[in-house]
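The structure appears right after this line, and notes come after that.
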Amino acid sequence: MPGGRAGFVNTAAVQDRSLTPPKLSTEMRKYSFCTFQGQGAYNKADGFSAPTGVAGDLNYGIIPCDIGGVLPIEWHVKGTQGLLAPTHSLTGLDISLDQTDNDGAEYYFGGNTTRGKHAFTIGGPAFFGRLKFKIADVSGTDDCAFGFAKVQTATANFDDHTDGAVLNVILGDIKIETMLNNAATGTVDTTQDWADAATHTLEVQVGQDRYTRFLIDDAFPTVNKTNFLWDVDDVVIPILFFLQATTTPGIVELLEFECGYLPRRRA
């Protein structure tokens with residue numbers, strides 16, 4: 001390189017702070033830590049039209065991260081939405097939209113694409129997704145599922161995923177749900193519950209061995225499922241599938257999202 005030997009960096013030619021961890025590490029490019037402190041920007045695929053709320057519509061957004069630049073998101077509308085985009089509050093991000101029975105949305109963190117920021121290939125390096133959130137009234141959640149699912153065209157129902165592994169809050173019960181190669185959804189009740197107005201952290205880890213590990217509040221569940229094995233070379237993304245029950249749940253508020261390769265890289 002000019003002014004130095006090949007293979008060495010001439011520090012005199014490097015601007016202060018120009019070499020940041022994301023530029024030096026491929027792992028950091030796949031990492032996000034977000035506490036939803038900044039207002040996001042939401043639109044349609046054209047980049048400027050306002051989001052829409054008809055069943056099956058797909059909307060897009062970007063949210064500032066504490067670490068990792070920005071978090072791209074997509075959400076697929078379930079039912080008919082009058083509130084068209086997530087709403088920022090003083091403490092987090094309200095993703096519950098218009099709170100009508102059988103309405104909801106499926107959120108794809110990093111985008112629903114094999115080239116997305118948080119798209120991971122099964123059999124490669126170990127990775128994780130972690131979401132901390134609050135539910136005002138758990139009797140209003142038909143589904144509130146966080147974890148990983150294979151990249152595929154969005155569907156109306158959670159059980160229509162061909163492959164997935166999530167922790168799902170159903171009317172206050174925290175369940176492990178898995179599906180593989182379009183087989184029926186397997187369900188394990190962790191026997192742990194989510195109380196009204198409580199805050200919890202759900203985490204799903206996938207090892208290089210292709211096995212999945214589930215954590216609630218940074219610990220293994222009371223009743224666990226340890227034998228779910230993904231197919232090698234599947235590409236998966238972190239998702240949040242939320243569907244309203246008859247009771248209005250009030251705010252479902254995201255407080256922290258973290259995703260990347262293991263071990264964690266948070267500073």
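Under 9 Å between Cβ atoms, at least 6 apart or on separate chains: pull out the pairs that start in the range 151-164 with a residue that is in contact (Cβ under 8 Å) with a residue 24 or more places away in the chain and end on any residue that is among the basic types (K, R).
A156/K78; D163/K150; G164/K150
Quick check on T191: is it at negative phi and hydroxyl-bearing (S, T, Y)?
no
For the range 42-61, enumerate the residues that are out of contact with any Gly (no Cβ under 6 Å at 6 or more places or on another chain) and assigned to a strand (DSSP E or B).
Selection gives N43, L58, N59, Y60.
This table checks each residue for (1) in a loop (DSSP other than H, G, I, E, B); (2) in contact (Cβ under 8 Å) with a residue 24 or more places away in the chain; (3) within 18 Å of W230 (Cβ to Cβ).
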| position | (1), (2), (3) |
| --- | --- |
| N112 | yes, yes, yes |
| G116 | yes, yes, yes |
| R130 | no, yes, no |
| D143 | no, yes, no |
| G147 | no, yes, yes |
| I176 | no, yes, yes |
| N181 | yes, yes, yes |
| A195 | yes, yes, no |
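From the list I216, I239, which residue is touching a Ser or Thr at 6+ places or on another chain (Cβ under 8 Å), under 21 Å from D142 (Cα atoms) and in contact (Cβ under 8 Å) with a residue 24 or more places away in the chain?
Selected residue: I216, the only one of I216, I239 that is touching a Ser or Thr at 6+ places or on another chain (Cβ under 8 Å), under 21 Å from D142 (Cα atoms) and in contact (Cβ under 8 Å) with a residue 24 or more places away in the chain.
Residue-wise test of (1) under 20 Å from the mean Cα position of the chain (by Cα); (2) of a type in the set (A, V, I, L, M, F, W, C).
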{"residue": "L215", "(1), (2)": "yes, yes"}
{"residue": "P221", "(1), (2)": "yes, no"}
{"residue": "N224", "(1), (2)": "no, no"}
{"residue": "F242", "(1), (2)": "yes, yes"}
{"residue": "F257", "(1), (2)": "yes, yes"}
{"residue": "R264", "(1), (2)": "yes, no"}
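Right, Y108: assigned to a strand (DSSP E or B), crowded, with 23+ Cβ neighbours inside 10 Å and under 15 Å from the mean Cα position of the chain (by Cα) or not?
Against the criterion (assigned to a strand (DSSP E or B), crowded, with 23+ Cβ neighbours inside 10 Å and under 15 Å from the mean Cα position of the chain (by Cα)), Y108 qualifies.
Looking at the structure I just gave you, is V151 of a type in the set (V, I, T) and buried (at least 23 other Cβ atoms within 10 Å of the Cβ)?
no
Just the residues that are surrounded by 13 or more Cβ atoms within 10 Å (Cβ to Cβ) and out of contact with any Lys or Arg (no Cβ under 7 Å at 6 or more places or on another chain), please, taken from the range 179-190.
M179, L180, T185, G186
Which residues, counting only those in the range 211-225, are in contact with a Leu (Cβ under 7 Å, 6 or more places away or on another chain) and either more than 26 Å from L71 (Cβ to Cβ) or among the aliphatic types (A, V, I, L, M) (or both)?
Within the range 211-225, Y211, I216 qualify.
One line per residue, one yes/no per condition, for (1) modelled with pLDDT under 95; (2) under 23 Å from L71 (Cβ atoms):
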| residue | (1), (2) |
| --- | --- |
| D142 | yes, no |
| A156 | yes, no |
| L167 | no, yes |
| T191 | no, no |
| D209 | no, no |
| N227 | yes, no |
| V236 | no, yes |
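For the condition surrounded by fewer than 16 Cβ atoms within 10 Å (Cβ to Cβ) and either in contact with a Phe, Trp or Tyr (Cβ under 9 Å, 6 or more places away or on another chain) or closer than 14 Å to Q244 by Cα (or both), what is the one hit in T80, T52?
T80
Residue check, A50 against (1) within 29 Å of D163 (Cα to Cα); (2) of a type outside the set (F, W, Y); (3) free of Cβ contacts under 8 Å to residues at least 60 places away in the same chain; (4) touching a Lys or Arg at 6+ places or on another chain (Cβ under 8 Å), all met but one. Which one?
With (1) within 29 Å of D163 (Cα to Cα); (2) of a type outside the set (F, W, Y); (3) free of Cβ contacts under 8 Å to residues at least 60 places away in the same chain; (4) touching a Lys or Arg at 6+ places or on another chain (Cβ under 8 Å) applied to A50, the lone miss is (1).
The values are calculated or read from the model by the stated rules, or taken from the named source; none is laboratory data. What you are looking at is a predicted structure, and each value in this text was computed from that prediction instead of being measured. No Cβ is skipped: glycine too gets one built from the backbone with ideal geometry, and neighbour counts run over all protein chains shown.
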